[in-house]
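Report on the following structure.
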Amino acid sequence: MTSNLVSLVRDLQRRKGRRRRGLAVAEGVRLVEEAIAAGVRLQGVVVANDLDAGARGAALLETLGSHDVPVVTVTPRTLEQLADTDTPQGVLAVLEPPRWTLADIRPAHRAPVLVLDAVQDPGNVGTLIRTAFALGASGALLLPGSAEPSNPKVLRAAMGATFRLPWAMAADGEFRAWVREVGADLWVAATDGTPVHRLSAPERLALVVGNEGAGVRPVVREMSRASVAIPLARGAESLNVAVAAGIVLFEVTRAS
């Protein structure tokens with residue numbers, strides 16, 4: 001059991017392994033707690049043999065036992081070798097990420113859909129999903145070129161939001177069909193857009209944020225009804241994509 005689970009964790013640190021198995025690795029006490037609270041199925045957990053030294057670690061072990069989750073104990077050194085971070089928190093969980101389809105994601109009044117177009121940085125993707133969930137978005141769509149939500153760095157940055165906010169990956173053709181089917185009005189975030197406070201949010205809004213350097217691709221931008229911008233102080237060129245998305249989402253949900 002120990003060698004099998006350890007080998008599985010190593011395989012899941014690679015995108016190819018995650019795609020083939022449909023599994024992911026959650027790292028850290030809080031993220032594993034969030035997965036359990038969200039009802040995510042855990043296939044197995046690797047813990048350092050000193051995890052129960054703290055009250056929170058001991059409580060997590062008790063919870064895992066009550067859920068009949070297989071637990072393998074290893075040395076802190078072995079866990080460090082398996083972990084994606086430099087300072088692991090003593091626990092790694094193999095889990096089955098929640099599955100949603102495009103049909104599950106629909107914009108609604110005061111609940112836009114956040115669309116990520118080729119957002120490559122896993123930290124940004126995780127923060128965007130976390131922000132969308134916190135601000136009441138109805139879901140997130142990830143277009144080609146975006147980091148996948150089962151990436152360990154995305155999971156950590158999202159802090160459990162990937163377990164609760166419906167999300168789906170979509171090819172360009174699938175996205176175009178989805179826009180027509182749900183009747184979404186597309187806004188793209190762009191520095192040359194109309195200031196967000198001057199626009200009235202439509203009933204079914206999909207907000208697109210683009211690549212950290214190149215912005216929204218032309219193939220997506222040509223589908224949009226409007227470009228939206230955040231007025232910045234003189235001399236400021238841009239905002240981090242997750243910060244910008246949070247500001248726009250807050251404005252449109254507050255004003256709806």
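The numbers here are math on the coordinates, done by the rules we state, and not lab data. From a predicted model like this one, the values you see are computed outputs, not experimental measurements. Cβ placement follows ideal geometry from the backbone for every residue including glycine, while neighbour counts extend to all protein chains displayed.
A few points about this structure:
- Ascending count of other beta-carbon atoms within 10 Å, so fewest first, for 34, 237, 80: 237, 80, 34
- Relative to the Cα centre, the charge distribution of the chain, modelled as +1 at Lys and Arg Cβ and -1 at Asp and Glu Cβ, gives a dipole magnitude of about 440 debye.
- Considering only 35, 223, 92, and ranking their Cα positions along the charge dipole of the chain that arises from unit charges at the beta-carbon of Lys, Arg, Asp and Glu, the one farthest toward the positive end is 223.
- Charge tally for residue 4 (other residues, Cβ to Cβ under 15 Å; Lys, Arg +1; Asp, Glu -1): +1.
- With a Förster radius of 41 Å applied to the C-beta separation of residue 232 and residue 96, the computed FRET efficiency comes to 0.45.
- Between segment 1-59 and segment 175-233, the alpha-carbon center distance in angstrom: 37
- When the Cα atoms of the chain are aligned to their principal axes, the ranges along those axes come out at 57, 40, 29 Å in descending order.
- Among 68, 52, the order by Cβ neighbours within 10 angstrom, fewest to most, reads 68, 52.
- Distance in nm between pseudo-label sites at residue 63 and residue 19 (7 Å out along the Cβ direction from Cα): 3.3
- Distance (nanometres) between label positions extended 7 Å along Cα→Cβ at residue 41 and residue 254: 4.2
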